[in-house]
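The values are calculated or read from the model by the stated rules, or taken from the named source; none is laboratory data. Worth saying up front: this structure is predicted, and the values here are computed from it rather than measured. Every residue, glycine as well, gets a Cβ built from its backbone with ideal geometry; the counts of neighbours run over all protein chains shown.
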Amino acid sequence: VKALATWIVTLPEELSEAPYEQQSAFFEPTTNFLNERYGQENAVAAVVHYDETTPHLHYAFVPVVFDDKKSRYKVSAKEVLTRHDLQTFHEDLDQDLKKVLPFYEQGILNNKTLPFENVAEIKKY
């Protein structure tokens, strides 16, 4: 059982020279988005690292779903982090942040994420 899942969200380059307040303002709604998507009650930690090259958020949560057959909640990363969830994550986060941050123009979809079909392509790259 994979009892803990994590996301790491890096501060966009366009905000790298922004004041600390603006950088911090980026991570707060990002955390809110993650809490809404995976359940605030399932969040274990949301920590921003400013001590490395690029500020980034480590968000850890327990992947919990409701089991209809047993009428109870269960831990299941396979059912929470589905292919659809992974495919829509960046676009959903980008849209959510653009709604709540007036200074957030370019967005996180910066064409730096390369489309790979399989693990072999990733290793080759």
Filtering region 66-91 down to residues that are in a strand (DSSP E or B), loosely packed, with under 14 Cβ neighbours inside 10 Å and of a type in the set (A, V, I, L, M) yields none
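Every residue, every condition in (1) touching a helix residue (DSSP H, G or I) at 6+ places or on another chain (Cβ under 7 Å); (2) among the small types (Gly, Ala, Ser), yes or no:
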residue	(1), (2)
6	no, no
10	no, no
14	no, no
21	no, no
26	yes, no
31	no, no
46	yes, yes
50	no, no
53	no, no
Any hit, region 41-57, residues being of a type outside the set (Gly, Ala, Ser), over 14 Å from residue 9 (Cβ atoms), surrounded by fewer than 16 Cβ atoms within 10 Å (Cβ to Cβ) and within 17 Å of the chain's Cα centre (by Cα): yes
Of (1) modelled with pLDDT under 90; (2) out of contact with any strand residue (DSSP E or B) (no Cβ under 8 Å at 6 or more places or on another chain), residue 36 satisfies all except one. Which? (1)
